[in-house]
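Below is one structure, written out as structure tokens; comments come after it.
The values are calculated or read from the model by the stated rules, or taken from the named source; none is laboratory data. Values in this document were obtained by computation on a predicted structure and should not be read as measured data. Here the Cβ is made from the backbone with ideal geometry for all residues, glycine too, and neighbour counts use every protein chain on show.
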Amino acid sequence: MSGSNKNYVLLHAGATEWSWQRLDRSAQISAQGSSDTGQIGWTGDAPVHVLVDAAKCVGLRIELPKMSAARQAQALRWAAEEHLASSAEDEHVVAGPRDAEDLLCCVVIGQAPMIELLESLNGQSVEQVVPDALCLPFETEQVSLAAVNSRILARWGEWDFGSFEPELIDELLSALPAEGTLAWYGGDVPEALSEQLLQHKSSDPMAVLAQGLTSAPVNLLSGEYASSSNEVARSYWRYAGIAAVVATVLFLASAFLELKTLESRSTELAAELDAQFALAFPGVTPAGRYREQAERQLASLRFGEAAGLLGLMNRAAPVIAGQPALVMDALSFRDGRLEFVLRAPDAAALEDLAVRLRALNLSAEVQSLNMGADGASGRLLLTQAGGA
């Protein structure tokens, strides 16, 4: 964290309110407060480091060959599009590290919430934006939980994280591996967790998140949203633009040759993947979606129904959260089916949600549709495509 050697502001940009702390050179709190969402409650020009609500973000692992940083930035958004319900043009995709299987980890956040956040912080020196739950500690076979601003943050894998309303904690816990331990970072334990065996790690979740922020594996301030300090550095190098004209021509020629090489290699990799997939999962047809099919087969082997809930929640929650006109009244999971009871301004809004979920290779069906004076209500039944 660039602000570790000077005063800085740590902002938790939650869904319902903003809370902030001004930290001095020794990471001690010199001032703190809270405000309505989008309202700056502090004064001064100290650098701002932002913890954004993880419910607005999606963590993905993508099969993408190693390439130059410039080409990776161009290819990443389109490689992530098949995992998203919306167009790649509407999403901001930021690369992180590669995992043990050489898959490229990345975080996706909508362009709209990213722009809204930065416009609210206009005039501030924003240095870092990171999903809050990704800053929780991670250990193998451990689930980290924390209560921050009326939300439950959870991290159950190196790149598996989320933010949930407290009333959904029972569904989350029922889907976690039975052999894992629960680590609690916070003060009072929510009622839904009162009977769970928790390892109390800390009573100050913000201090834990601040520590995790110092080694965060990704910063959403990249590309067009690069931080102010990075922008100053880039402006210096713009003076070398004239000399780069010749290099650009050479780069384009090299890029064309690289594209042809990648196309050839892509065909070879597809054949190799089909062969390896057939050995690992006999009788299962990947249909070009190796990662989704492999995760589905492994989930059924390891966690059964539990993993099914997590998979459906991870894929459906960002789509539902992106529809502000929808209100969820209830949620249940049984026999591989996730059921939402929703209210919407009209029936078309519910059908549009079902279409978006089907675009994620999910089976979505609206049932028990009722029309009333306040709009439409109904049940949305969600399963993996093909009933898997």
Count of residues meeting criterion [over 26 Å from residue 11 (Cβ atoms) and part of a helix (DSSP H, G or I)] in segment 191-207: 3
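Strands (runs of 3 or more DSSP E) wholly in segment 1-69 with at least 2 residues that are modelled with pLDDT of 90 or more and under 30 Å from residue 99 (Cα atoms) - which ones? Reasoning before the result, please.
On the way: elements: 8-13, 17-23, 29-36, 48-52, 57-62.
By residue number, 8-13, 48-52, 57-62.
How many of the residues in segment 219-250 are modelled with pLDDT of 80 or more and at negative phi?
Step one: of segment 219-250, the residues modelled with pLDDT of 80 or more are 219-226.
Still in the running and at negative phi: 219-222, 224-226.
The number of residues fulfilling the criteria is 7.
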Mind listing just one residue for me: the one in segment 91-122 that is assigned to a helix (DSSP H, G or I) and hydrophobic (A, V, I, L, M, F, W, C) and, of those, farthest from residue 315 (Cα to Cα)? 118
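Somewhere in segment 121-131, is a residue touching a residue at least 60 places away in the same chain (Cβ under 8 Å) and within 25 Å of residue 180 (Cβ to Cβ)?
So the first thing to find is which residues in segment 121-131 are touching a residue at least 60 places away in the same chain (Cβ under 8 Å), and the list is 121, 124-131.
From what is left, the residues that are within 25 Å of residue 180 (Cβ to Cβ) are 130-131.
Yes, segment 121-131 contains a residue that is touching a residue at least 60 places away in the same chain (Cβ under 8 Å) and within 25 Å of residue 180 (Cβ to Cβ).
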For segment 176-209, enumerate the residues that are in contact with a helix residue (DSSP H, G or I) (Cβ under 8 Å, 6 or more places away or on another chain), aliphatic (A, V, I, L, M) and over 23 Å from residue 333 (Cα atoms). 208, 209
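Which ones in segment 305-362 are aromatic (Phe, Trp, Tyr) and in contact with a helix residue (DSSP H, G or I) (Cβ under 6 Å, 6 or more places away or on another chain)? Spell out the reasoning first.
Within segment 305-362, the subset aromatic (Phe, Trp, Tyr) is 333, 340.
Correct list: 333 only.
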Is it fair to say residue 61 is of a type in the set (D, E, K, R) and exposed (fewer than 13 other Cβ atoms within 10 Å of the Cβ)? no
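Could you list, in sequence order, the residues of segment 1-54 that are of a type in the set (Phe, Trp, Tyr) and more than 20 Å from residue 165 (Cα to Cα)? So that I can check it myself, show each step before the final result.
Step one: list which residues in segment 1-54 are of a type in the set (Phe, Trp, Tyr), which gives 8, 18, 20, 42.
Answer for segment 1-54, where residues must be of a type in the set (Phe, Trp, Tyr) and more than 20 Å from residue 165 (Cα to Cα): 8, 20, 42.
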Only one of 58, 93, 126 is among the β-branched types (Val, Ile, Thr), over 23 Å from residue 147 (Cα atoms) and within 15 Å of the chain's Cα centre (by Cα), namely 93
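Which of the residues belonging to segment 336-352 are closer than 11 Å to residue 382 by Cα and of a type outside the set (Phe, Trp, Tyr)? Let's see the steps before the verdict.
Step one: of segment 336-352, the residues closer than 11 Å to residue 382 by Cα are 336-340.
Within segment 336-352, 336, 337, 338, 339 qualify.
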Wholly within segment 264-380, helices (runs of 4 or more DSSP H) carrying at least 2 residues that are surrounded by 14 or more Cβ atoms within 10 Å (Cβ to Cβ) and modelled with pLDDT under 80: 290-302, 305-321
